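Some notes on the structure that comes next.
The values are calculated or read from the model by the stated rules, or taken from the named source; none is laboratory data. This structure is a prediction, so every number in the text was calculated from the model and none was measured. Every residue, glycine as well, gets a Cβ built from its backbone with ideal geometry; the counts of neighbours run over all protein chains shown.
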Amino acid sequence: MTRLSNATLAALPGTVRRPAYDRSRLVPGIVHLGLGAFARGHLCEYTEDALELEFGAWGITGASLQRPDQRDRLKPQDGLYTLLKRAPAGPELRIIGCVGEVLVAPEDPAALIARLAAPETRIVSLTVTEKGYCHDPATGRLRADHPDIVHDLAHPLAPRSSIGILVAGLKARRAAGLGPFTALSCDNLPHNGGVLRGLVRDFAALSDDTLARWIEAEGAFPATMVDRIVPATTDADIAEVEGLIGLADAAAVIGEPFRQWAIQDVFAAGRPAWERVGAQMVTEVAPFEFMKLRMLNGAHSSLAYLGYLAGHETVAEASGDPVLARFLQGLWAEIIPTVPAPQGVVLDDYAAALLARFRNPAIRHRTWQIAMDGSQKLPQRLLGTIRDRLKAGAPIDHLALGVAAWMRYVSGTDEKGAAIDVRDPLAAEFATRAKSAGRNAQALSQGLLGIEAIFGTDLPRAERFTAPLERHLAALFDKGAKATAASV
Ligand code: CS2
């Protein structure tokens, strides 16, 4: 099958939307670290829209921090790929053209640093997932003992971590007499802009205090809230796209139609006209971020653990299960009072819209995929909400069940006794603690609560949290996920 590329764009069926600007004029104003499915389905589509409406020097250079796969898929396609939006009513197809080159950091770190230091680079955006920040998720501070950080301090010109890469780029710009780029975190972290600023500054300060002060004074780290459900692309998706567009596309991305982006409007050197294509430029991102992390991602993670244990492969299946749907309503009822509503938003309506999005039958988002990296996700998705509820003296039964389901999941065997493929930077730690606890709920919960990077020092001592947690965990072992969810 012929491959999608500049040369074959004209062969696409008329139903497929294609770039409405001259791609040969693209200038790379943005470098994106971590060009995975989410970025290609979110930031790249907003940028594509902005280029179509108001062309400017905002092409995107992708950078992969680990593997060459993405470059290998996109290069033969001149950076082009399909975005397939799956609405319950049927698919919508679009070719995205704003990505030019893709660099692979480990192959040529100097080329990436040179691109970051190029005068035309004005924004460096990131989707490197929670664990890509090399920080302590409970405190948001840099982990100076993180192996990638230790490596980057020893080899500042061949950095591996996103933080080491940003600092190397900023240092080179300062040496060249240029101003800094804007570093734009698009990951699901609370206060992502402020956290990134602290990490970059602290890393810089470990080797060069004047650089750290320059970054503090001149740098820009807007906070953002990003939202679109973009599951990992499967072979079946690739085959379907090929059938629909009549060309092979190894880099296709599948997403829901809904998208949202709230951005704090503080940029060091300009930005695309994202506000003209639906992004919300705001002074305070926090209300959006709280709403999204706690209500969407908190529910996603709880549903992923319970749903996986109950034998549901996807979020659509899990949220279609009446018992789990009722659990979700109870969970949102606990979360909503902790969330300040962004202006113009009714949180009950937001919850209802989330349920409809979760149930979109055309999106196959695996519970196993969302279950990944729980150690990095629980603090901002569930534990902050639990702290707020405890402070208010309010019940936390559903929230505690979400955490208990995570504990049951990372214990490593499912309800039929089969092994669970637990993916998490702390997976080895979980396995050790689970092994010594066996199926003893009290021992397992105490063992896992002892991981300070997740739970801090306060939660393990909060009896109003640990008591329901242990009770739920015991029930999960005894009766299973479905019966336990039915009993809250
Ligand atoms: C999900 C998110 O994988 C996960 O942990 O909760 O990727 C979620 O789909 C997005 O944040 C939606 O915007």
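Within the group G164, G177, G169, G140, which residue is assigned to a loop (DSSP other than H, G, I, E, B) and under 19 Å from R115 (Cβ atoms)?
G177
Would you check which residues across the stretch 388-404 are in a loop (DSSP other than H, G, I, E, B) and either touching a residue at least 60 places away in the same chain (Cβ under 8 Å) or buried (at least 24 other Cβ atoms within 10 Å of the Cβ) (or both) and list them?
Those that are in a loop (DSSP other than H, G, I, E, B) and either touching a residue at least 60 places away in the same chain (Cβ under 8 Å) or buried (at least 24 other Cβ atoms within 10 Å of the Cβ) (or both): A394, P395, I396.
Select from the stretch 296-314 the residues that are closer than 21 Å to Y350 by Cα and in contact (Cβ under 8 Å) with a residue 60 or more places away in the chain and list them in ascending order.
Across the stretch 296-314, the qualifying residues are L296, N297, G298, H300, S301, S302, L303, A304.
Is there a residue in the stretch 345-353 that is under 21 Å from the mean Cα position of the chain (by Cα) and over 26 Å from G140 (Cβ atoms)? Show your work before the answer.
Step one: filter the stretch 345-353 for residues under 21 Å from the mean Cα position of the chain (by Cα), giving 350-351, 353.
After this cut, where a residue has to be over 26 Å from G140 (Cβ atoms) as well, the list is 351, 353.
The answer is yes; a qualifying residue exists.
Which residue pairs have Cβ atoms closer than 8 Å, lie 6 or more positions apart in sequence or on different chains, and pair a first residue in the stretch 361-387 that is within 25 Å of A236 (Cα to Cα) and more than 9 Å from the ligand (Cβ to nearest atom) with a second residue that is small (G, A, S) and modelled with pLDDT under 95?
A362/A87
Looking only at the stretch 133-149, decide whether some residue is within 16 Å of the ligand (Cβ to nearest atom) and crowded, with 18+ Cβ neighbours inside 10 Å. Don't jump to the end; show me each part of the working.
To start, the set of residues in the stretch 133-149 that are within 16 Å of the ligand (Cβ to nearest atom) comprises 133, 137.
When the remaining residues are screened for being crowded, with 18+ Cβ neighbours inside 10 Å, the result is 133, 137.
Within the stretch 133-149, one or more residues are within 16 Å of the ligand (Cβ to nearest atom) and crowded, with 18+ Cβ neighbours inside 10 Å.
Looking at the structure I just gave you, is V422 at pLDDT 95 or above, assigned to a helix (DSSP H, G or I) and surrounded by 19 or more Cβ atoms within 10 Å (Cβ to Cβ)? Spell out how you get there, then give the answer.
Values: at pLDDT 95 or above: yes; assigned to a helix (DSSP H, G or I): no; surrounded by 19 or more Cβ atoms within 10 Å (Cβ to Cβ): yes.
When the stated conditions are applied, V422 does not pass them.
Being crowded, with 17+ Cβ neighbours inside 10 Å and farther than 16 Å from G298 by Cβ is the filter here; which residues of the stretch 326-367 pass it?
Within the stretch 326-367, P342, N360, I363, R364, R366 qualify.
Of all residues in the stretch 296-328, how many are part of a helix (DSSP H, G or I), within 16 Å of the ligand (Cβ to nearest atom) and not hydrophobic (A, V, I, L, M, F, W, C)? Lay out the reasoning, then the answer.
Filtering the stretch 296-328 down to residues part of a helix (DSSP H, G or I) leaves 296-309, 315-320, 322-328.
Still in the running and within 16 Å of the ligand (Cβ to nearest atom): 296-308, 315-319, 324, 328.
Narrowing further to those that are not hydrophobic (A, V, I, L, M, F, W, C): 297-298, 300-302, 305, 307-308, 317, 319.
Number of matching residues: 10.
In the list A419, A404, which residue meets the criterion of being hydrophobic (A, V, I, L, M, F, W, C) and in contact with a His (Cβ under 7 Å, 6 or more places away or on another chain)? Break it down into steps so the answer makes sense when it comes.
Values: A419 fails: in contact with a His (Cβ under 7 Å, 6 or more places away or on another chain).
Of A419, A404, the one residue that is hydrophobic (A, V, I, L, M, F, W, C) and in contact with a His (Cβ under 7 Å, 6 or more places away or on another chain) is A404.
Of the residues P106, P159, which single one is of a type outside the set (V, I, T), surrounded by 15 or more Cβ atoms within 10 Å (Cβ to Cβ) and either in a loop (DSSP other than H, G, I, E, B) or modelled with pLDDT under 95 (or both)?
On the way: P106 fails: surrounded by 15 or more Cβ atoms within 10 Å (Cβ to Cβ).
It is P159.
Could you tell me whether any residue of the stretch 228-235 is away from the ligand (no atom under 16 Å from the Cβ) and part of a loop (DSSP other than H, G, I, E, B)?
So in the stretch 228-235, the residues away from the ligand (no atom under 16 Å from the Cβ) come out as 235.
Next, from what is left, pick out any that are part of a loop (DSSP other than H, G, I, E, B): none.
Looking through the stretch 228-235, none of the residues is away from the ligand (no atom under 16 Å from the Cβ) and part of a loop (DSSP other than H, G, I, E, B).
Just give me the residues in the stretch 437-475 being in a helix (DSSP H, G or I), surrounded by fewer than 15 Cβ atoms within 10 Å (Cβ to Cβ) and touching a helix residue (DSSP H, G or I) at 6+ places or on another chain (Cβ under 7 Å), in sequence order. Lay out the reasoning, then the answer.
Within the stretch 437-475, the subset in a helix (DSSP H, G or I) is 437, 441-449, 452-455, 459-461, 463-475.
If we keep only those that are surrounded by fewer than 15 Cβ atoms within 10 Å (Cβ to Cβ) as well, we get 442, 452, 461, 463, 467.
Selection gives Q442 alone.
Please verify whether V150 is in a strand (DSSP E or B) and either assigned by TED's automatic domain parsing to the domain that holds Y81 or of a type in the set (S, T, N, Q) (or both), treating the condition exactly as stated. Spell out how you get there, then give the answer.
Working: in a strand (DSSP E or B): no; either assigned by TED's automatic domain parsing to the domain that holds Y81 or of a type in the set (S, T, N, Q) (or both): yes.
Judged against the criteria, V150 is not a match.
Just to be sure I understand, how many residues within the stretch 192-227 are out of contact with any helix residue (DSSP H, G or I) (no Cβ under 6 Å at 6 or more places or on another chain), within 16 Å of the ligand (Cβ to nearest atom) and not in a strand (DSSP E or B)?
Adding up the residues that qualify gives 1.
What number goes with the only condition from (1) within 16 Å of the ligand (Cβ to nearest atom); (2) farther than 27 Å from H191 by Cβ that I420 does not pass?
(1)
Keeping to the stretch 1-50, report how many residues are touching a helix residue (DSSP H, G or I) at 6+ places or on another chain (Cβ under 8 Å), assigned to a strand (DSSP E or B) and of a type outside the set (V, I, T).
4
Given E256, E284, which one is surrounded by fewer than 18 Cβ atoms within 10 Å (Cβ to Cβ) and either at pLDDT 95 or above or among the acidic types (D, E) (or both)?
Answer to the check: E284.
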